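Taking it in order: structure first as structure tokens, then the write-up.
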Amino acid sequence: MLVWNVGLDEGKGPEPLVETITSATLGERQVWRVTHYSQDPSSETSNDFDLYDLDRDTLAPLRSVWNNGKSRLELTFGSEEVVVRSTPPGTDGVEKIRLTAPVQAEGPGETAWVASLPLGMGYQLRYHIVDRWDGQGASRLKAVTLSVLGRRTEETKLGRRDVFVVQVKPEDRSFQITEDVLAAAPHFPVGMEYVRGKLKVRSEVIALTTRD
């Protein structure tokens, strides 16, 4: 479990968010379920959450569901296509994205996947994702490069830690993620900057609890 302060530069102050990675099942598949939700659900009038189900062994994405009020976005990942179902107020939409290569998780699913990588100085990995927030149909499928930019010792909310600076950037430059992750495996994040267009959000992890 990770507890985040999201929006460090917001005038109203950051909002706490809880991220959990738990063992679960999806149909007959054993999965890791990564879920984001408010630390104080009583402040909401709807069941707001963001989750990814990852295959227990490979960490391949199987399902993603984002729910916010009357809006819902659900992705179902198959070996040959991804089905996107969206239900904003008053509409229903279904997209089918043909896969030409395996895809990796983004959003909440990125935490567990990046934590498992063999990171080190000079490490770089090119892969594909389905972008939930940009594109339509095939244009959602994006090539992304993850790079380790450096290593440093930093004062974090978790104490003084050695971290890798990791950057995630797609070829179309539609967004950029720069995060500090623990240099010791598993490489869980301690801080992140997310940029998409005019949106820029800085967040930090203020608590981290793990169980082997």
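Read the figures in this text as sums done on the coordinates, not as results from a lab. Quantities reported herein were computed from a predicted structural model and do not represent experimental measurements. Every residue, glycine as well, gets a Cβ built from its backbone with ideal geometry; the counts of neighbours run over all protein chains shown.
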Legend entry - Proximal lysines to Lys12, defined as alpha-carbon separation beneath 23 angstrom and excluding residues fewer than eight positions away on the same chain: Lys157, Lys198, Lys200
Inset, instruction - Starting from the Cα-Cα distance between Thr178 and Val18, subtract it from 0.36 nm times their residue separation and give me the gain in nm to one decimal. - result: 55.6 nm
Legend entry - Listed residues Pro16, Val195, Ala105: farthest to the positive end of the dipole of the chain (Cβ charges): Val195
Inset, instruction - Identify the trypsin sites (Lys or Arg not before Pro) of region 32-128 meeting these criteria: DSSP loop state and at most 10 other C-beta atoms within 10 Å of the C-beta. - result: Lys70
Legend entry - Gain in span if fully extended, Leu8 to Phe49, counting 0.36 nm per residue against the direct Cα distance: 12.7 nm
Inset, instruction - Could you list Tyr123, Tyr37, Tyr52 in order of exposure, starting from the residue whose Cβ has the fewest other Cβ atoms within 10 Å? - result: Tyr123, Tyr37, Tyr52
Legend entry - Gain on full stretching of the segment that runs from Ser71 to Lys198 - 0.36 nm per residue minus C-alpha separation: 43.5 nm
Legend entry - Assigned charges on the beta-carbon of Lys, Arg, Asp, Glu; region 2-208 dipole about Cα centre (debye): 340
Legend entry - Among [x] 131; [y] 204; [z] 141, the entry that matches volume of the Cα convex hull per residue in Å³ as calculated here: [z]
Legend entry - Local electrostatic count, Pro108, Cβ distance below 11 Å [Lys/Arg +1, Asp/Glu -1]: -3
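Under 10 Å from the Cβ of Lys200, count the other residues' Cβ atoms, weight Lys and Arg +1, Asp and Glu -1, and hand me the total.
Every neighbour counted, the sum reads +1.
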Legend entry - Formal net charge of residues neighbouring Asn68 (Cβ-Cβ distance under 10 Å; K, R +1; D, E -1): -1
Inset, instruction - May I ask you to derive the relative contact order of region 1-114, considering only C-alpha pairs under 8 Å and at least 6 residues apart, and to give it as an integer percent? - result: 17
